[in-house]
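S.K.: One structure coming up, written as structure tokens, with questions to follow.
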Amino acid sequence: MILIDVRYLPPPPADPATVDHPALAWVLACLRQSADHHLWLAPARPDQAPALRRAWAAHLPAHRLHLAPSVQIPTDPAHRRLGAILDRAAVRALAPALYWLPAADDLPPLEPPPLDLPCATLATLSGHLDPALLPWTTATGATARYWHWVQLAQRIGHPDTPEAAARLQDSLLVPPQALWPIPAADPQAQAQALARFTQLAPPAPRPTLAFVSPLPPVPSGISDYSAELLPPLARHFDITLVNAGPPLTDPVLEALFPVVDLAAFQARAGDFDHIVYQMGNAEYHAHMVDLIRTWPGVVVLHDFFLGHMHAWRQFQGGIPQALTQALYDSHGLPGLRTLAEDGVEAAILGYPCNRDLLSAATGVIVHSDHAQALGRQWLPGDLADQFHIIPHLRRPVVPAPDRAAARTALGLAEDDFLVCSFGFLGPSKCNEQLLQAWLDSPLAARPDCHLVFVGKNPDSDYGHAIARRLHEPAGQPIRITGYADRDSYRTWLAAADVAVQLRRHSRGESSGTALDALAHGVPLIINAHGTMADLPAEPLCRLPDPVTVPALQQALEQLHADPARRQRMSAAGRAHIQHHHHPLTVADQYRQALTTCQRHSPVSHYLHLAATLGRACPDVTPLDSLAHLLAQQVPGPRRCYVDITALRQAPHVTGIERVTQALLLALLEQDNGAGTLVPVYEDPAAGGYREARDWLLTQQGLSPLQGDPLILPRPRDQFLGLDWAPAAIVRRRDQLQAWRQRGVRLGFLVHDILPVTDPQWFPPHVPLLFRAWLDTLAALADDCFCVSGATADALADHWRASGLDPMPRIQVSHNGADFLADPGLPPPPLSAPVAQAVREGCLLMVGTIEPRKGHAQALDALERLWAEDLPLHLVVVGREGWRQDSPQDRAPVARLAARLRQHPQQGQRLHWLEDACDGQLLALYRGAWALLGASEGEGFGLPLVEAAHQGLPLILRDIPVFREIAGDGAWYFAGAAAEDPTGQGLARCIRDWLDARAAGQLPPAGGMAPPTWQESARRLWALFGEVGDNSSSRH
């Protein structure tokens, strides 16, 4: 692999044919010639990185583009050395055969590339060599091994004639094999010549490999697989076996390989070049979970679904909450909800529970296209794209098995027709369909035709139902052999004419029995399900999925009638095993996959970087700073951390916390367990943010895990202030600023800015805190998402008046309105007086009791109407506000609450519900005459859309946000409360509304089309979560 440092080249155009820069043409020619060349991007400033990455992404895939870590490091002298160390460590982790620094002739003296690299290093100019440009150079290294290490003071040129090459060779003190002429004018010829540099690396001893797997005598198919794989794999690796089971019983393995237990492996795990974990969905693999997290390696995934293994860890393995943890880490809210509502079996059948392990692995090997398709279905795209497909190995059966001897041993005649189904019986094997197809076929009545299930029948209702039908055919009885040891199994394979291997409910596993049938030359009937669909057509009779009895019956009868076809299928099966599944072929594919994972896997890069920094940096920076920087390099999908600090602490979910909860749950459902969205909260004692996983678990009725981990966002991650937690944001200003400088995008939901525009409506401390919060957003935010256009306009006007330029991008994302869906169970009944108010006719006010909500004006107006003996009730729903404030600050709210409680009409025509549940509020929305929205200022007006969702008419104060939300679907009254001190104007408006209601002239209640919370969450995520890169959106 050549690593090309393009720091001194211009970004390439989309069309290579338009390139007129010689050095750039040379680089593009190299990229076209080889899929193994990578680019090193080192822009002068961090904000240039997204555009540079996009320009090169048109010419090669993203995994071959590497951004220099030093781009994220401050450029002051104190950090410059650390940036150089990070760059050098990152290049070493990529392990290129050649580090190439191309440049143009017209540049000033160039900085050298990172030094002390274990590869050839070359700097070139695009024009002819000028000997005057050759600097004083030195060379070190073991020239006998044909490596050359060149330390560059400024730059060197590439020779374009043999004479120039000879002069340059003398200057560099390298052997003749290291340099030769590189044509100056032809990019294609230049690329071919440059590739010869990669051939200079010396032959290396076999790399060491720790092989972690069940081994014989463990009764597991993976144990048998490993025993067959290991000898050919030893051609490429110096292997040590890691055995957590009983002592080894395979004499070949004992003779060929050293064996260590888990403790000995962990003591020297860091010394191995490679670690391979053979992972399956059984208890024999439970110990690998912690090993993979501590000592990452390549995971060979035999079963895509690992839920049963995690369930064993939790219920038999003594690891509390192991399954819960795996569901949370891999699938988030949907997985937890299934566990809580439907139980363990539904959760482990419905969810793979593997992403946490696969994300920690240095690579993943699967055996089929189907397994990779499952990866793309369940895993982030960048993780699934790193899967390596290596066919399940099977050794050809040479010489061919002795069919006559096998039939003699089984008591079968040479001309008998024998159909076998191999493996344990069970619903997933479709045994009942095969049984019925046989019984429906004329074959069942023939004495020379036999159906045999070679395997154990379960002691279950399914097994008993199968057993009861064995003697139904008029010909030979159907047989079940019970458990078949290896010799018996091979005897049946040698004797069989046809094997039938059917599947349903596949979990991504490969069928070893199907491959055994092909290896033995047994014609195979399968259905196109799971990995079976990937098998070639020639040796198979492939039935549609799901399999039907008539199709299976027809296939059996056709193969019985066509011995020549069976002979062709037999030969094709043997050939397929020879060419695609031979252990030597598979072992070579392992070598290629492990080498690729070591060189190119993000986890491998991180591990190499960690090891290098651990050796190089203790005297450069404090260890905690080093750990912080290293954590930025941890690979994984981009995450959006969603701040729910206030929601997590709220004793009652009302107001903004209600919005936060509804949006959070909708976002998590849309995330579909992808792990992109992570709820977090501020922990002042820890000085940072933690994952809110225990809160999420308790919300689902599940037991919490062992504490919430602190988060450390990486470049390209996002932080969304979904909650309104101003004190926390102000406290964490420096930390958030540091995240932003490292490439984390910051967005905040803004519900209103009323404490700034109308401070008279709030306690004195609220406007002060609010201004500090807005100042923090002005300094940090990339995006602000306002819940209404009115709030967005007010926020833009405020920042424009303060001279903020550029300001964060301001966008509108309206709230939803469907969290009052019918719960299905009857809510607590309304009290008798309130129920009577609904029957007789009432206006409904919903919202916290505080001065700006207009309750006082509404009481004044209703008192006038009641004085006229108008039979109209007023129902107020909402808690008393400002409860955490001092008695002096909350005096206005206390006076209003006292007026409500002590009103002469309380319990008669005035009704105050301080703790109404959602079900009761839903009944009021459905039964009231109208919603009275008298608030003088709102950011959105959630009761409006809730009421409209239920078709309730609206009587609203004429303020901009209500006009924006309700449009023409409401009855408006004008003026502020101060302009109507006696309530006379509002009383007149209500009378007019009552007259219009009686005349059938109200505005259409269905005029509004409020979004659901799912739609609101999709809008918010489209605005923020799917941003292509994390470049600043300020303008």
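The values are calculated or read from the model by the stated rules, or taken from the named source; none is laboratory data. Here the structure is a predicted model, which means the values were calculated and not measured. Cβ coordinates were reconstructed from backbone atoms using ideal geometry, including for glycine residues, and neighbour counts include every protein chain displayed.
S.K.: Being within 16 Å of MET288 (Cβ to Cβ) and either polar (S, T, N, Q) or under 12 Å from the mean Cα position of the chain (by Cα) (or both) is true for just one of GLN372, GLN314, GLN321. Which residue is that?
M.R.: Details: GLN372 fails: within 16 Å of MET288 (Cβ to Cβ); GLN321 fails: within 16 Å of MET288 (Cβ to Cβ).
None of the other options fit; the residue is GLN314.
S.K.: Would you mind stating whether GLN760 is crowded, with 21+ Cβ neighbours inside 10 Å, among the polar types (S, T, N, Q) and assigned to a helix (DSSP H, G or I)?
M.R.: No; evaluated as a whole, the condition is false for this residue.
S.K.: Sort out for me the strands (runs of 3 or more DSSP E) sitting completely within the range 899-973 that have 3 or more residues that are under 23 Å from LEU754 (Cα atoms).
M.R.: Working: elements: 910-913, 930-933, 954-957, 971-973.
The strands (runs of 3 or more DSSP E) meeting that bar are 930-933, 954-957.
S.K.: Going residue by residue through the range 88-106, is there one that turns out to be surrounded by fewer than 20 Cβ atoms within 10 Å (Cβ to Cβ), at pLDDT 70 or above, on the phi > 0 side of the Ramachandran plot and under 31 Å from the mean Cα position of the chain (by Cα)?
M.R.: Yes, that holds for at least one residue.
S.K.: State the number of residues belonging to the range 6-27 that are part of a loop (DSSP other than H, G, I, E, B) and either among the small types (Gly, Ala, Ser) or in contact with a Pro (Cβ under 8 Å, 6 or more places away or on another chain) (or both).
M.R.: Going residue by residue through the range 6-27, those that are part of a loop (DSSP other than H, G, I, E, B) are 6-15, 19-21.
Filter once more, keeping what is either among the small types (Gly, Ala, Ser) or in contact with a Pro (Cβ under 8 Å, 6 or more places away or on another chain) (or both): 6-9, 14, 19, 21.
Residues flagged as part of a loop (DSSP other than H, G, I, E, B) and either among the small types (Gly, Ala, Ser) or in contact with a Pro (Cβ under 8 Å, 6 or more places away or on another chain) (or both) within the range 6-27 amount to 7.
S.K.: Out of all the residues in the range 870-885, which are farther than 25 Å from ARG658 by Cα and either outside any loop (DSSP other than H, G, I, E, B) or among the small types (Gly, Ala, Ser) (or both)?
M.R.: We begin by selecting, within the range 870-885, every residue farther than 25 Å from ARG658 by Cα; these are 870-873.
Once the filter is applied, which keeps residues that are farther than 25 Å from ARG658 by Cα and either outside any loop (DSSP other than H, G, I, E, B) or among the small types (Gly, Ala, Ser) (or both), the range 870-885 yields only HIS873.
S.K.: Can you pull out every residue in the range 369-404 that is of a type in the set (Lys, Arg) and either closer than 21 Å to LEU535 by Cα or without any contact (Cβ under 8 Å) to a residue 40 or more places away in the chain (or both)?
M.R.: At the first step, the residues of the range 369-404 found to be of a type in the set (Lys, Arg) are 376, 394-395, 403.
Residues satisfying the conditions are ARG376, ARG394, ARG395.
S.K.: List the number of the failed condition for ALA646; all other conditions in (1) more than 24 Å from the chain's Cα centre (by Cα); (2) modelled with pLDDT under 85; (3) farther than 24 Å from LEU67 by Cα hold.
M.R.: (2)
S.K.: Assuming ILE348 fulfils every condition listed in (1) more than 30 Å from THR324 (Cβ to Cβ); (2) at pLDDT 90 or above apart from one, which condition is it?
M.R.: (1)
S.K.: Separate question: Would you say ALA201 is crowded, with 20+ Cβ neighbours inside 10 Å and modelled with pLDDT under 85?
M.R.: Working: crowded, with 20+ Cβ neighbours inside 10 Å: no; modelled with pLDDT under 85: yes.
When the stated conditions are applied, ALA201 does not pass them.
S.K.: Inside the range 533-563, can you point out the residues that are assigned to a helix (DSSP H, G or I) and touching a Leu at 6+ places or on another chain (Cβ under 8 Å)?
M.R.: First, pick out the residues of the range 533-563 that are assigned to a helix (DSSP H, G or I): 533-534, 549-561, 563.
ALA551, LEU552, ALA555, LEU556, GLU557, HIS560, listed by residue number.
S.K.: Considering only the range 994-1008, how many residues are surrounded by 12 or more Cβ atoms within 10 Å (Cβ to Cβ) and either in the same structural domain as ASP717 (by TED's automatic domain parsing) or modelled with pLDDT under 80 (or both)? Reasoning before the result, please.
M.R.: Here is the first cut: in the range 994-1008, the residues surrounded by 12 or more Cβ atoms within 10 Å (Cβ to Cβ) are 994, 996-997, 1002-1003, 1005, 1007-1008.
Keeping just the survivors that are either in the same structural domain as ASP717 (by TED's automatic domain parsing) or modelled with pLDDT under 80 (or both) gives 1005, 1007-1008.
Going through the range 994-1008 one residue at a time, the tally reaches 3.
S.K.: Any residue in the range 822-831 that is more than 20 Å from PHE940 (Cα to Cα), at pLDDT 95 or above and surrounded by 15 or more Cβ atoms within 10 Å (Cβ to Cβ)?
M.R.: Of all residues in the range 822-831, those more than 20 Å from PHE940 (Cα to Cα) come to 822-831.
Checking the rest, the ones that are also at pLDDT 95 or above come to none.
For the range 822-831, residues more than 20 Å from PHE940 (Cα to Cα), at pLDDT 95 or above and surrounded by 15 or more Cβ atoms within 10 Å (Cβ to Cβ): absent.
S.K.: Now for a different question. Please identify the pairs in which a residue from the range 719-744 that is of a type in the set (Lys, Arg) and surrounded by 21 or more Cβ atoms within 10 Å (Cβ to Cβ) has its Cβ atom under 8 Å from the Cβ atom of a residue that is at pLDDT 90 or above and outside any helix (DSSP H, G or I), counting only partners at least 6 apart or on another chain.
M.R.: Going by the 8 Å Cβ cut-off, the qualifying pairs are ARG732/GLU682; ARG732/GLY688; ARG732/TYR689.
S.K.: Among (1) assigned to a helix (DSSP H, G or I); (2) assigned by TED's automatic domain parsing to the domain that holds PRO442, there is one condition ARG599 misses while meeting the rest; what is its number?
M.R.: Result: ARG599 fails condition (2) only.
S.K.: OK, next. Can you say whether VAL397 is more than 40 Å from the chain's Cα centre (by Cα) and either closer than 30 Å to HIS274 by Cβ or at pLDDT below 95 (or both), as far as the supplied structure shows?
M.R.: Details: more than 40 Å from the chain's Cα centre (by Cα): yes; either closer than 30 Å to HIS274 by Cβ or at pLDDT below 95 (or both): yes.
Taking the combined requirement at face value, the residue satisfies it.
For every residue, the table says whether it meets (1) of a type outside the set (S, T, N, Q); (2) closer than 25 Å to SER570 by Cα; (3) surrounded by 19 or more Cβ atoms within 10 Å (Cβ to Cβ); (4) touching a Leu at 6+ places or on another chain (Cβ under 7 Å).
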{"site": "HIS471", "(1), (2), (3), (4)": "yes, no, no, no"}
{"site": "ARG490", "(1), (2), (3), (4)": "yes, yes, no, no"}
{"site": "ALA495", "(1), (2), (3), (4)": "yes, yes, yes, yes"}
{"site": "LEU502", "(1), (2), (3), (4)": "yes, yes, yes, yes"}
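S.K.: Would you check if ALA49 is among the small types (Gly, Ala, Ser), modelled with pLDDT of 80 or more and assigned to a helix (DSSP H, G or I)?
M.R.: Numbers: among the small types (Gly, Ala, Ser): yes; modelled with pLDDT of 80 or more: yes; assigned to a helix (DSSP H, G or I): yes.
Yes.
Okay, residues lined up against (1) within 16 Å of HIS855 (Cα to Cα); (2) buried (at least 20 other Cβ atoms within 10 Å of the Cβ); (3) in contact with an Asp or Glu (Cβ under 8 Å, 6 or more places away or on another chain):
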residue	(1), (2), (3)
GLN906	yes, no, no
ARG909	yes, yes, no
LEU924	no, yes, no
ALA930	yes, yes, no
ALA948	no, yes, no
THR982	yes, no, yes
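S.K.: Right, something else. Out of all the residues in the range 262-272, is one or more more than 26 Å from ILE319 (Cα to Cα) and not hydrophobic (A, V, I, L, M, F, W, C)? Steps first, answer last, please.
M.R.: Kept after step one, since they are more than 26 Å from ILE319 (Cα to Cα), are these residues of the range 262-272: 271-272.
Filter again for not hydrophobic (A, V, I, L, M, F, W, C), leaving 271.
The answer is yes; a qualifying residue exists.
S.K.: Take the residues of the range 838-869 that are assigned to a loop (DSSP other than H, G, I, E, B) and without any contact (Cβ under 8 Å) to a residue 40 or more places away in the chain: which is nearest to LEU913 (Cα to Cα)?
M.R.: Within the range 838-869, the first condition is being assigned to a loop (DSSP other than H, G, I, E, B), and the residues that meet it are 841, 847-848, 850, 854, 868-869.
So of that shortlist, the ones also without any contact (Cβ under 8 Å) to a residue 40 or more places away in the chain come out as 868-869.
Values: GLU868: 25, ASP869: 24 Å.
The extreme case among them is ASP869.
S.K.: Do we find that GLY803 is over 30 Å from SER70 (Cα atoms) and without any contact (Cβ under 8 Å) to a residue 60 or more places away in the chain in this structure? Walk me through it before giving the result.
M.R.: Values: over 30 Å from SER70 (Cα atoms): yes; without any contact (Cβ under 8 Å) to a residue 60 or more places away in the chain: yes.
Criteria met by GLY803.
S.K.: List the helices (runs of 4 or more DSSP H) inside the range 239-312, counting only whole elements, that have at least 2 residues being more than 24 Å from ALA593 (Cβ to Cβ). Break it down stepwise before answering.
M.R.: On the way: elements: 251-256, 262-268, 288-294.
Correct list: 251-256, 262-268.
S.K.: Of everything in the range 542-571 that's aliphatic (A, V, I, L, M) and in contact with a Pro (Cβ under 9 Å, 6 or more places away or on another chain), which residue is farthest from ILE525 (Cα to Cα)? Show your work before the answer.
M.R.: The initial filter retains those residues of the range 542-571 that are aliphatic (A, V, I, L, M), namely 543, 547, 549, 551-552, 555-556, 559, 561, 564, 569, 571.
If we keep only those that are in contact with a Pro (Cβ under 9 Å, 6 or more places away or on another chain) too, we end up with 551, 559, 569, 571.
Details: ALA551: 11, LEU559: 9, MET569: 11, ALA571: 15 Å.
For the range 542-571, the residue satisfying everything is ALA571.
S.K.: Report whether or not ARG355 is over 23 Å from the mean Cα position of the chain (by Cα), among the basic types (Lys, Arg) and either modelled with pLDDT of 90 or more or crowded, with 16+ Cβ neighbours inside 10 Å (or both). Show your work before the answer.
M.R.: Numbers: over 23 Å from the mean Cα position of the chain (by Cα): no; among the basic types (Lys, Arg): yes; either modelled with pLDDT of 90 or more or crowded, with 16+ Cβ neighbours inside 10 Å (or both): yes.
It is false that ARG355 is over 23 Å from the mean Cα position of the chain (by Cα), among the basic types (Lys, Arg) and either modelled with pLDDT of 90 or more or crowded, with 16+ Cβ neighbours inside 10 Å (or both).
S.K.: Every residue in the range 736-755 that is farther than 16 Å from LEU774 by Cβ and assigned to a helix (DSSP H, G or I), please. Working first, answer last.
M.R.: So in the range 736-755, the residues farther than 16 Å from LEU774 by Cβ come out as 738-745.
Of everything in the range 736-755, those that are farther than 16 Å from LEU774 by Cβ and assigned to a helix (DSSP H, G or I) turn out to be ALA738, TRP739, ARG740, GLN741.
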